[in-house]
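Have a look at the structure below, then the notes.
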Amino acid sequence: MDIFEWAIAMVQTSPAIAFALDRQSRVPVYRQLYERTRAAIASGQLPPGGRLPSARSLAAQLGAARGTVDAAYGLLAGEGWIVGRGPAGTIVSPQLAERLRVPETTLMAARGGAPGALPAEAPLLPFRLGLPALDAFPRKLWSLLVAREARALSLAAMANPDPAGYGKLREAIAAYLAVGRGIPCTPRQVFVTAGYQGALSLIARALIAAGDAVWFEDPGYHLARQGLTAAGARLIPVPVDEEGMRVADGMACAPQARFVVVTPAHQCPLGVALSLPRRLALLSWAAEAGAWIIEDDYDGEFHYCGRPLPALKSLDHADVVLYAGSFSKVLFPALRLGYLVVPEELVERFAHACRALHAGNARLDQAVVARFMAEGHFARHLGRMRALYAARRAALAGALAAAFGDRLRIELQSGGMHLLARLPSGTSDTALVRLAEMQRIGTGRAITAIGRARLLSRLADRLHQHPAGACL
């Protein structure tokens, strides 16, 4: 905010530094205003070059006569604290910058309106796990849809949204899942959430009790682990091999578990798919044990060998799967929109939990996504992204192979948005990450495929200089 906004905020909300006029004080009002303004300039809250409110507007805010403010400003100008710029207004003297030597952190806090202001948005980092190709997103089309929905916003649409989600978006998601993921469901079974974490929070609110045993892939998605632990669940680690979660191990160590969290299409982080025999075994066990399966289909749309794998939910004849999807990977993460499909018998229970958990997600964002899907843009976007990710994955795998040779084993799975690279036995992956950072991989610059290859080549050369790959 500029200094005018800052001054108004001080008057309205900040008693510690407000221009609160003490009418009972023996100190004249203009003097009080002078002293408070001078103190704000000296402390850096009003930085050099910052614009002050006009005498008329400040007098109105303070409930004082304009002549009172003019007198205070006259004293400040006479001592060199402020400078009048005619029609441009009055500013704090820029010549004070060197004399005051205000720390940059103080200036940032003043410009942000309060000490401890948050920094600006961080730049995008290359090789960031789970980040879609934002450079290929149809932003122009998206902007047109946003404008169209904003113009069509009715008075009713500006009221509180449905906590379960915008009706047209729930309908669009149900239609897409029936065709794209083989999941038959009604719109009322679809709950719009704040991403996958929002889906987990909703499940925890509706179903999970403290101490409930949950099968959890080992290794698995760290944020899911944190969310379930915070909900009081007792996690049972179940190993993962080339066929996905080892269902027999889970049945052996925790046969009475109440929940299973699984990423069957593209296991996170190993990238393997849950085999059909294990899918069937998992569904059969859950039906017999009265357990619920939470399917995280975070990037199941991206399959590069034939058709995308069907969702586990599509095989769920006993209706024991809660299916979670997200728009973070297929569109962009800043939307913070996902969805959860629940069995018909749980709809009312989840509707009640949804109303108790939050007041709903932004209606305008949901409406734009609904239109994006209904007009066919979503399906076309997925098609383009599959081709793009397949090409980029091949380019990255080739660059890694050329840079590292047999010192890095790349495992290309049939789908997903990330690669799995295995290091020689006895080497350190954390040391490799530190070395990559030293080589400016992860600086936020836009890196082309050729640029990636050059960076990886430099990294490989550095690794070759260290004995036994100790710094790999």
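The values are calculated or read from the model by the stated rules, or taken from the named source; none is laboratory data. All values reported here derive from a predicted model rather than from experimental measurement. FYI the Cβ positions are ideal-geometry reconstructions off the backbone, even for glycines, and counts take in every protein chain you see. Calculation scope for accessible area: heavy atoms of the full protein, side chains included, ligands and nucleic acids excluded. Shrake-Rupley method; radii C 1.70, N 1.55, O 1.52, S 1.80 Å.
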Completion exercise
Fraction of alpha-carbon pairs in region 136-224 farther than 17 Å apart, rounded to whole percent, equals 70 percent
Practice task
Take Lys140, Lys329 and sort them by solvent-accessible surface of the protein heavy atoms, 1.4 Å probe, largest at the top.
Solution key: Lys140, Lys329
Handout entry: Charge sum, other residues only, whose C-beta stays under 14 Å from Leu357's C-beta, Lys/Arg counted +1 and Asp/Glu -1
Key = +2
Exercise for the section: Give me the net charge of Ala379's neighbourhood, meaning all other residues with Cβ under 15 Å from the Cβ of Ala379; Lys, Arg count +1, Asp, Glu -1. Expected result: +4
Practice task
Report Leu420's accessible area, 1.4 Å probe, all protein chains in place, as a number in Å² to the nearest 10.
Solution key: 30 Å²
Practice task
Might you work out the accessible area of His358 for me, using a 1.4 Å probe with all protein chains in place, and round it to the nearest 10 Å²?
Solution key: 60 Å²
Completion exercise
Relative to the compact-globule estimate 2.2 N^0.38 Å (N residues), the Cα gyration radius of region 238-325 stands at a ratio of 1.01
Completion exercise
With no solvent term and unit scatterers on the alpha-carbon positions of region 121-161, Debye gives log₁₀ I(q)/I(0) at q = 0.18, 0.19, 0.21 Å⁻¹ of -0.73, -0.75, -0.79
Practice task
Quick one: order Arg36, Arg393 from most to least accessible surface, probe 1.4 Å.
Solution key: Arg36, Arg393
Completion exercise
Taking only the Cα positions of region 237-386, the convex hull volume per residue in Å³ is 140 Å³
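Looking at region 278-348, send over the antiparallel percent of its DSSP beta bridges, to the nearest 5.
50 percent
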Handout entry: With DNA, RNA and ligands ignored, accessible area of Thr427 (1.4 Å probe; Å², nearest 10)
Key = 30 Å²
